[in-house]
Amino acid sequence: MSGKRIQPSDSQLEITQMKSYVGQKQNMRDTLRSLGLKRPGNKVVRTADPVTCGMVNTVAHLVKVEEVK
């Protein structure tokens with residue numbers, strides 16, 4: 001599942017930061033921090049609610065998203 005265009009649902013998403021936020025705009029840095037990601041390689045599991053999906057779609061080029069079964 002690519003990062004772009006994640007749709008809200010009841011599933012759990014495992015979000016992994018793949019790239020650093022160095023050189024990115026401030027809103028993308030803030031979005032990564034709000035997701036709980038601090039450095040490349042960090043992973044968080046979040047519910048695919050509309051807020052989380054919006055944040056993931058904002059930083060889709062920096063993260064990898066997988067659905068947790």
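The listed residues are LYS38, LYS64, and the only one of them that is in a loop (DSSP other than H, G, I, E, B) and of a type in the set (D, E, K, R) turns out to be LYS38.
Applying the condition of being of a type in the set (A, V, I, L, M) and in a loop (DSSP other than H, G, I, E, B) to the range 9-23 and asking which residue is nearest to the chain's Cα centre (by Cα) yields MET18. VAL51 meets each of the listed conditions (1) over 10 Å from the mean Cα position of the chain (by Cα); (2) open to solvent by 80 Å² or more (accessible area, probe 1.4 Å); (3) in contact (Cβ under 8 Å) with a residue 12 or more places away in the chain apart from (3).
Could we say that GLU66 is in contact (Cβ under 8 Å) with a residue 60 or more places away in the chain and surrounded by 12 or more Cβ atoms within 10 Å (Cβ to Cβ) here? The answer is yes for GLU66.
The values are calculated or read from the model by the stated rules, or taken from the named source; none is laboratory data. This is a predicted model, so every value here is computed, not measured. As a convention, Cβ positions derive from the backbone with ideal geometry for all residues, glycine included, and neighbour counts pool all protein chains shown. To get the accessible areas, we keep the full protein, side chains included, count just its heavy atoms, and leave off ligands, DNA and RNA. Shrake-Rupley method; radii C 1.70, N 1.55, O 1.52, S 1.80 Å.
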